[in-house]
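*Asks:* Just dropping this structure here.
The values are calculated or read from the model by the stated rules, or taken from the named source; none is laboratory data. This structure is a prediction, so every number in the text was calculated from the model and none was measured. Neighbour counts are summed over all protein chains in view; Cβ atoms, including those assigned to glycine, are modelled from backbone coordinates with ideal geometry. These accessible areas exclude ligands, DNA and RNA; they are computed on the full protein's heavy atoms, side chains included. Shrake-Rupley method; radii C 1.70, N 1.55, O 1.52, S 1.80 Å.
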Amino acid sequence: MNTPYYQHICSGSAHAISRQNRANEVFQSPELLIDLTQFASDLANPHLHKALWIIELVALKNPTWVAPYLPQLLAVAPNYSHESAKRAFSNTLAKLCLAKLIPKNLEEATLELSMQWLIQPEKTVPKVMAIRILYFFRFKYPWVVEPLLDLMAKDYALQSPGLQNTIRKITKLLTQESK
């Protein structure tokens with residue numbers, strides 16, 4: 001995977017302007033999503049997180065463009081080890097959920113990955129996105145509510161302020177809905 005486009009992605013930095021410039025290239029040539037998905041699906045690729053950064057920006061603006069690549073990305077996502085890859089993919093997945101673009105056959109895998117993010121010692125963003133995803137599916141899969149409440153309560157005091165804020169909001173909403 002040593003193509004000129006691969007080298008171009010690898011040379012990108014974490015700076016917002018660099019990521020946005022590469023996302024703009026995708027907006028000009030949507031077929032680049034094929035290559036980006038391949039980069040992001042190759043667990044041996046040390047730069048897969050850079051591809052996911054770009055996919056995330058595309059999903060935030062045009063989630064329907066990313067939806068066809070979800071099966072391939074979701075298949076490898078549980079094995080992402082790079083924190084930045086998890087952050088970018090969790091945000092992408094949450095955006096696709098809110099846009100109601102998760103196919104029925106991938107809902108269970110989405111729920112399992114979200115639970116995994118909550119159980120494991122992840123950074124804040126994957127946990128926040130997992131909470132939002134599970135909350136989104138609460139009516140279709142009511143069984144998620146009890147484990148979600150349990151996992152949010154677990155080690156609450158040790159969580160970051162951002163995660164605590166999300167937990168408070170979602171707990172309040174769930175409590176109001178149960179009345």
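*Asks:* Give the carbon-plus-sulfur fraction of the accessible surface of the stretch 1-160 in %, rounded to a whole number; probe 1.4 Å, heavy atoms of protein chains only.
*Replies:* Values: 4520 of 7790 Å².
Carbon and sulfur together cover 58 percent of it.
*Asks:* Then there is this: Check each of the trypsin sites (Lys or Arg not before Pro) in the stretch 80-120 and keep only those in coil by DSSP with at most 13 other C-beta atoms within 10 angstrom; list them in order. Each step should come with its number before you reach the end.
*Replies:* On the way: sites: Lys86, Arg87, Lys95, Lys100, Lys104; in loops: Lys100.
Sparse-neighbourhood loop trypsin sites (Lys or Arg not before Pro): Lys100.
*Asks:* Taking 2.2 N^0.38 Å as the expected size of a compact globular protein, what ratio does the Cα radius of gyration of the chain give against it, to two decimals?
*Replies:* Values: Rg = 16.7 Å, N = 179, 2.2 N^0.38 = 15.8 Å.
Cα Rg divided by the expected 2.2 N^0.38 Å: 1.06.
*Asks:* Could you state the accessible area per residue of the stretch 66-126 in Å², with a 1.4 Å probe and every protein chain left in place? Walk me through the intermediate numbers first.
*Replies:* Details: 2720 Å² over 61 residues.
With the other protein chains kept in place, the stretch 66-126 gives 45 Å² per residue.
*Asks:* Could you compute how much accessible surface Glu112 exposes when probed at 1.4 Å, giving the result in Å² to the nearest 10?
*Replies:* The accessible area of Glu112 comes to roughly 110 Å².
*Asks:* Please build a GNM for the chain, connecting alpha carbons under 10 Å apart, and tell me which residue among Leu73, Leu52, Leu151 fluctuates the most.
*Replies:* Checking each option, the largest mean-square fluctuation is seen for Leu151.
*Asks:* Further, regarding this structure: Restricting to DSSP loop positions (anything but H, G, I, E, B) with no more than 12 other Cβ atoms inside 10 Å of their own Cβ, which chymotrypsin sites (Phe, Trp or Tyr not before Pro) remain in the stretch 106-179?
*Replies:* On the way: sites: Trp117, Tyr135, Phe136, Phe137, Phe139, Trp143, Tyr156; in loops: Phe137, Phe139.
Those that pass, being in a loop and sparsely packed, are Phe139.
*Asks:* Specify the residue with the greatest mean-square fluctuation among Val125, Val58, Val76, computed from a Gaussian network of the chain linking alpha-carbon atoms under 10 Å apart.
*Replies:* Val76
*Asks:* Right, something else. Which of Ile55, Ile119, Ile17 moves most in a GNM of the chain, Cα contacts under 10 Å?
*Replies:* It is Ile17.
*Asks:* Report the net charge of residues surrounding Gln164, where surrounding means a beta-carbon distance below 11 angstrom and charges are Lys +1, Arg +1, Asp -1, Glu -1. Provide the component values of the computation, followed by the final result.
*Replies:* Details: positive: Lys127, Arg168, Lys169; negative: Asp155.
Its environment carries a net charge of +2.
*Asks:* Can I ask one more? Please give the per residue accessible area of the stretch 1-44, computed with a probe of 1.4 Å over protein heavy atoms only, in Å². Walk me through the numbers before you get to the answer.
*Replies:* Values: 2420 Å² over 44 residues.
Dividing the accessible area of the stretch 1-44 by its residue count gives 55 Å².
*Asks:* Further question: Give me the three principal axis extents of the stretch 84-179 from the C-alpha atoms, as integers in angstrom, largest value leading.
*Replies:* So the three principal-axis extents are 37, 35, 19 Å.
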